[in-house]
Structures are given as structure tokens and as C-alpha cells.
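Read through the structure below, which is laid out as C-alpha cells, and then see the notes.
The values are calculated or read from the model by the stated rules, or taken from the named source; none is laboratory data. Treat the numbers as computed from the prediction; the structure is a model and nothing was measured. Positions of Cβ are generated from backbone atoms using ideal geometry, with glycine treated the same way; all protein chains shown enter the neighbour counts. Accessible surface areas use protein heavy atoms only, side chains included; no ligands, DNA or RNA. Shrake-Rupley method; radii C 1.70, N 1.55, O 1.52, S 1.80 Å.
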Amino acid sequence: MCIRDRVDTMRHTQIAFARFFAFTVLSFWTVMVMAVDGVIEISGPTNITESGSYRLTQNIEHIDSVITIEVSNVSLDLNGFTISYTGPQDFADGIAVFPSVQNVEIKNGTVTGFSRYGIFFPAGASPLDNDAQAILSRLRITQNNAAGISIETRRGVLIRDSVIANNGNWGVRMGTGQLLDSTVINNANFGLLGATSTGYGSNVFFGNNGGGAQVSASPKQIGINVCGTNTVCP
């Protein structure tokens, strides 16, 4: 190869690398962009690693878990949009929150069709104080395979004003916290599986657990609930 050919080859390599770098940077910024009001806008699958307020700008379909919250003090507004799953991973969750994370809010949207949980707070070294560690509100959690919402070993979680329906096992699985003002229907197992430190009030349960007991025996009523047509809530 002559010197001129080598120079041309190097030049083409540099141009290709520059294009790849520019595409990579552009792709990242199209997933997360800060809006004029200071809220960070999300348009694709995201790991949230900085505290702040986040907002979806479109529906997101993905072949794996979509949003992971890795840091405390995060507000995530789904902004009326839908997060959904398109296949083939066995353990995909719509939104997953690291165990050590505190002070999280997730609101205002739909999470549907995931192969494991719609929203998942896994077990681990979680905060131990009794303040609200998470607030989940105005959500539609539907057609997830293992459970709509699964919260393991975490205190102070409040779920309110939501619809949890047609999930493949439990509607809500929660060790400690409260479920309020929600509609929980047609889940394959209990609408609410909880411990004695789980409270629930002002909810409607119907069609869960094949028409059997709508709520497991341990959770405590902290307000009037409706449990199916003939089943009395625990």
C-alpha cells in the first residue's frame, strides 16, 4: 500500500469514528434531555443515577427492563404514557428501584406486560426509618407475569389511587406499607399479599384469586374495603 492509500485509509477511519461518536452522544441525549422547567425528560430505557425530577415524553416499548432507579430523592412522572414489554427476557421489570434508595415517587402512567414485575423494590439493605420511603400513585399496573407491584423488606411505602389488574400472580405483594383508594381486580392470586404491618383502606377488590379470598389473612384494614361480592375482607 502506498503512502497516499494509507493516508486515505486513516482519514476514512477517523471520519467513521467521529460519526460513531457523534451518533452515540446524540442517542444518549435523545433518551434524557433537560426541559426548560428543570425536569429531565426521558424518551427511552434509562438508568437513573442522579437525584432529581424525571418525566416521560412518549410511550416506551422495550425487550428488557425499562427504568432502573439507582439513587435516592427521585420523582418519576410517567406523564400519562405507557411502559410496556416486547419480549424475550425471563426477568424483565418495568421499573426497578435499588434496595438502598430512599424518597422515591412514581406516578401518573401505565406499566404493562412485563415478564416479572411491573414495579419492583427488591430485597436488600433497605432504609429502616418509618417515613414514607416511596409513594406510588395514579398508576395502571396490568398484565405483568409475576405481580403487578412487588415490594420486599421496605418500610413506609404508600400505594394510592391506582388500578392493579389482570396480573399473572398477585396484584400487590408488600411486606410493610399501605394500599389506599385503589381498584385491584382479576389478578390470578391474591389482590393483596401482605404482612401484619401492611394496612389497606378504601379499596375495591374483585375477581382476584379465582374468586376466592381477595386479600391474604395478615394485612390489617385501616378503612372500609370491598372484597368481591360475598367475601369479607380480613
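List of remarks:
- Report note on the peptides 40-47, 78-85: ranked by the mean count of other C-beta atoms within 10 Å, highest first, their order is 78-85, 40-47.
- Shape of the range 61-198, Cα gyration tensor, a/c cut at 1.5: rounded
- Sum of side-chain charges, VAL33 neighbourhood, beta-carbon under 11 Å (Lys, Arg +1; Asp, Glu -1): 0
- 5 angstrom amide H check on SER53, placed H, neighbours 5+ away: ILE40, SER75
- Carbon/sulfur fraction of accessible area - the range 26-95, other protein chains in place, 1.4 Å, %: 53 percent
- For ASN208, residues with placed amide H under 5 Å, excluding near neighbours: ASN186, ASN187
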